[in-house]
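Take a look at the structure set out below.
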């Protein structure tokens, strides 16, 4: 389970995570044009996550790239004909793209953009945990390293995790789940499956507070609450809709409410507002600003993606994702199961 060493490792990476600086309008325009030139020259396409900055998401859309959740990103990258994928997100997303498209070059604005779930689930310790439960089917969240995926029977994203575990439970299988304990608990309570859970958490979603949401609802009584299942159980319990980023986006468009309280990374507000310009989106309260708040509703590693770093990567070929062939072969098996699992 999560060791003191792993907790310290997350803190160390947090201390090093330097978000992109604010650009002037002129510099932003100039950098965007340079990125476009490089994409054309190198037959490259941007694959961006909802949690990256609005400027990155907008540029991906303008250049024929893609913005989505990690499952949609994986599918897009695997089928797109570009020879180079520029993955704007965190490192496990780049590794997933490389595993699914080993013949392509996969670049990232920075390889230092990681994830607390990935850092808190080291391959050796996870392998030992699996060995302690040999009768369990190993299901790991996409927010893990290639080495952890290679040890799994299934890889899932939050958009299909519940359905996959329900499918396995219906077959009478016991589940070993890693690494997010909150998502695992939500799935466990929803399916009744026999599950053992790794002790990991997302630093963004773990900070949302049920009391804060309820207090905010008193001010906005008609607001619907949208919650990502990486949040604690107390937060999930006050939600009107619980789901992945893509599922929350869909709910924002389909529900009649004009105001929404959203418990996930605020990077998603760009797409929510774009698709629903007449609606209002409010950040769910966290632990608060200052020393008690490690993320304040925004992943510090996602914030490391920037136009400047994207240019540097494309110009120099730096920050290229490399995954050993033996890991690609092993991790491809559970990832293929994920991609082939029915959407509906």
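The set of residues in segment 89-106 that are buried (at least 24 other Cβ atoms within 10 Å of the Cβ) and not in a helix (DSSP H, G or I) comprises 89, 90, 106.
Scanning segment 66-86 for residues that are more than 16 Å from residue 245 (Cβ to Cβ), within 18 Å of the chain's Cα centre (by Cα) and modelled with pLDDT of 95 or more yields 85, 86. All conditions but one from (1) touching a strand residue (DSSP E or B) at 6+ places or on another chain (Cβ under 7 Å); (2) within 18 Å of residue 242 (Cα to Cα) apply to residue 211; the one that does not is (1). Taking the criterion of being part of a helix (DSSP H, G or I), without any contact (Cβ under 8 Å) to a residue 60 or more places away in the chain and surrounded by fewer than 19 Cβ atoms within 10 Å (Cβ to Cβ), the only residue of segment 77-88 that qualifies is 79. Residues that are out of contact with any helix residue (DSSP H, G or I) (no Cβ under 7 Å at 6 or more places or on another chain) number at least 1 in the following helices (runs of 4 or more DSSP H) confined to segment 122-209: 123-131, 161-170, 181-191.
Among the criteria (1) over 21 Å from residue 52 (Cβ atoms); (2) surrounded by 15 or more Cβ atoms within 10 Å (Cβ to Cβ); (3) under 20 Å from the mean Cα position of the chain (by Cα), the one residue 202 does not fulfil is (1).
Of the residues 230, 207, which single one is at pLDDT below 95 and crowded, with 22+ Cβ neighbours inside 10 Å?
Answer to the selection: 207.
Hey, any hits in segment 126-143 for a residue that's in contact with a strand residue (DSSP E or B) (Cβ under 6 Å, 6 or more places away or on another chain), closer than 17 Å to residue 244 by Cα and surrounded by fewer than 24 Cβ atoms within 10 Å (Cβ to Cβ)? Taking every residue of segment 126-143 in turn, none turns out to be in contact with a strand residue (DSSP E or B) (Cβ under 6 Å, 6 or more places away or on another chain), closer than 17 Å to residue 244 by Cα and surrounded by fewer than 24 Cβ atoms within 10 Å (Cβ to Cβ). Filter segment 286-296 down to residues that are surrounded by fewer than 21 Cβ atoms within 10 Å (Cβ to Cβ) and modelled with pLDDT of 60 or more and give me whichever is farthest from residue 88 (Cα to Cα). Going through the qualifying residues, I end up with 287. Of all residues in segment 29-76, those satisfying the criterion of being assigned to a loop (DSSP other than H, G, I, E, B) and surrounded by fewer than 18 Cβ atoms within 10 Å (Cβ to Cβ) are 42, 43, 63, 64.
The residue that is nearest to residue 40 (Cα to Cα), among those in segment 303-337 that are part of a helix (DSSP H, G or I) and touching a strand residue (DSSP E or B) at 6+ places or on another chain (Cβ under 7 Å), is 314. Note on segment 149-177: among residues that are closer than 22 Å to residue 50 by Cα and crowded, with 24+ Cβ neighbours inside 10 Å, the one that is nearest to the chain's Cα centre (by Cα) is 158. Note on segment 262-283: residues that are outside any helix (DSSP H, G or I) and more than 22 Å from residue 162 (Cβ to Cβ) total 8.
The values are calculated or read from the model by the stated rules, or taken from the named source; none is laboratory data. The shown structure was predicted, so the numbers you read here are calculated from the model rather than taken from an experiment. Cβ atoms come from the backbone with ideal geometry, glycine included; neighbour counts cover every protein chain shown.
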